[in-house]
Amino acid sequence: FFSGFAVPDMDNQYGSTCNIDLGVDAMPRQSSASMLLSLATVATLACVGVIAYSAGSSNGQQLYASATAIRAPTSSLTRPIALTQAPRVPGQAPHQLPMSGSNPTDGTSTTQLNALNTVLSLASVMPAAGSGFVGWLPIAGVLAALGLIFKKILDTPSRTYNPNDVNVGKEYDAWTEDGVLEYYWGEHIHLGYYSKELRKRGNYTNWEFIKCKMDFVDKMFEFSGAKGPTNILDVGCGIGGTSRMLAERFPNAKVTGITLSPKQVERGTELAKERGIKNVEFKVMDALNMQFEDNQYDLVWGCESGEHMPDKKKYVEEMTRVLKPGGSLVIATWCQREQTPTNPFTKKDKERLQFLYDEWAHPYFVSKEEYVRMCNSTGLLKKVECADWNEQTIDSWRHSIWVGLRDPKGLLCKGPFVLYKCLRDAITLERMHRAFDCGLMEYGMIRATKKSPRMEGANRILGLESETEINGVKWA
């Protein structure tokens, strides 16, 4: 099962050793193969313990008992619960534990014993000790089948975009309510910016995972070219981390954040009140049908929201519509590479992209070059430029996995459904890393300035009209 995910790292970016230490705030460099091998080792040991226990091996019983020992909440904290063993009788479920309400010595509840018995009941398919190699073949087949089934489940997207249900807002409502995303990602639900010096040093800490996100906001604002904005629109604001950051940086400006998620609006407003930030507000609004007048904002900011837009041309047009003449438009978004006749997508490329679309409710991605063409096609924007920030952001994908592995307490109390969802998300994060690493995906940065009708007219009168062509689209 795990070999289906483990492929060699081309640059061995995270090293080749695993040194997880929950007491040290440092992120070890490790390859994806090593990471998965660590998980496989834990899973294998657990399976071996169950199989050996059910087969009647005393060593196996000791291994399984020590691995699944339930500690009493009293003075017997250091003594595991005693597991009873009954002779194997064909046709009977093996090794049932006592079910008399609770263990008077160890304080073990019936629920805990039932949970252990559920696991141990799997032994009914196990061969008796001494049955030989042939007897273990069915076990190997069962484990292989379970592994293939589990891999099939993980390979099947679970949150496909639904244009008739607007499930993007519902997904972000769920993420906001369970608190896992905020616990690990902080207030900024976007990738971070990793400087050249930081990437060279490596060994990122959990705090740097958050700090790199704030650094991203600084770098994105610098990239935008905006100067002292007074009215800012954050399109797809999440729980408002960027909106509040810009509001604090520009206390005389008004900042508005919009999202499809009512829960994000509620949380963003709550955090702003806690910090006494009064020049920011959040609204539930569709970015493709914004309820704002034309020419309202001198900075329109779209950070990792375009991925969810079913009509990306309309997304660009709406942001351009509400932008003031002379104002700045800046977009940061995950992009698929430009497909050309000489470099088309292979069948494997299309399959990989489809999974990335469907697992996180994305309708589709486009290239950064396509964003440039869409900006130019409005006829209202000039100085349209794009850049690829893949190198500066790619470490976020695996860094986000490591903050969870090194600090699991944000997950352990959330219940099995949230744990399963987070497992899927961790695997998708790794898939994203690989897609960006191989060039199938790119991190697109796009900026533009809205034309001023008076200035454009003056330029034409003075003979200063200029024309540029980008990928077949002409703009002035």
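The values are calculated or read from the model by the stated rules, or taken from the named source; none is laboratory data. The structure displayed is predicted, hence computed values, not measured ones. Please note: Cβ atoms are built from the backbone with ideal geometry, for glycine as well, and neighbour counts cover all protein chains shown. Remember, those area values only see protein heavy atoms, side chains included, never the ligands or the DNA or RNA. Shrake-Rupley method; radii C 1.70, N 1.55, O 1.52, S 1.80 Å.
Worth a mention:
- Filter result for F417 (free of Cβ contacts under 8 Å to residues at least 12 places away in the same chain and in a helix (DSSP H, G or I)): yes
- Residues located in region 331-379, provided they are part of a strand (DSSP E or B) and open to solvent by less than 30 Å² (accessible area, probe 1.4 Å): I331, A332, T333, W334, C335, Q336
- For K196, the conditions (1) under 20 Å from C303 (Cβ atoms); (2) open to solvent by 10 Å² or more (accessible area, probe 1.4 Å); (3) modelled with pLDDT of 95 or more are fulfilled apart from (1).
- N289 vs. criteria part of a loop (DSSP other than H, G, I, E, B), touching a Ser or Thr at 6+ places or on another chain (Cβ under 8 Å) and open to solvent by 70 Å² or more (accessible area, probe 1.4 Å): no
- Of all residues assigned to region 206-217, none qualifies as being part of a loop (DSSP other than H, G, I, E, B) and at negative phi.
- Screening Y297 on (1) more than 24 Å from M441 (Cβ to Cβ); (2) open to solvent by 70 Å² or more (accessible area, probe 1.4 Å); (3) in contact (Cβ under 8 Å) with a residue 24 or more places away in the chain shows it passes everything except condition (2).
- Just so you know, in region 212-249 the residues that are within 27 Å of G179 (Cα to Cα) and among the hydroxyl-bearing types (S, T, Y) include one that is surrounded by the fewest Cβ atoms within 10 Å (Cβ to Cβ), and it is T242.
- Under the condition of being free of Cβ contacts under 8 Å to residues at least 24 places away in the same chain and of a type outside the set (D, E), the residues counted in region 206-227 number 2.
- Scanning region 273-316 for residues that are among the aliphatic types (A, V, I, L, M) and closer than 20 Å to A361 by Cβ yields V284, M285, A287, L288, M309.
- The conditions of being out of contact with any strand residue (DSSP E or B) (no Cβ under 9 Å at 6 or more places or on another chain), more than 26 Å from G268 (Cβ to Cβ), among the aromatic types (F, W, Y) and open to solvent by less than 30 Å² (accessible area, probe 1.4 Å) are not met by Y184.
- Residue within region 143-155 that is assigned to a loop (DSSP other than H, G, I, E, B) and in contact (Cβ under 8 Å) with a residue 60 or more places away in the chain present: no
- Selection from region 250-270 of residues that are assigned to a helix (DSSP H, G or I) and open to solvent by 30 Å² or more (accessible area, probe 1.4 Å): P262, K263, E266, R267, T269, E270
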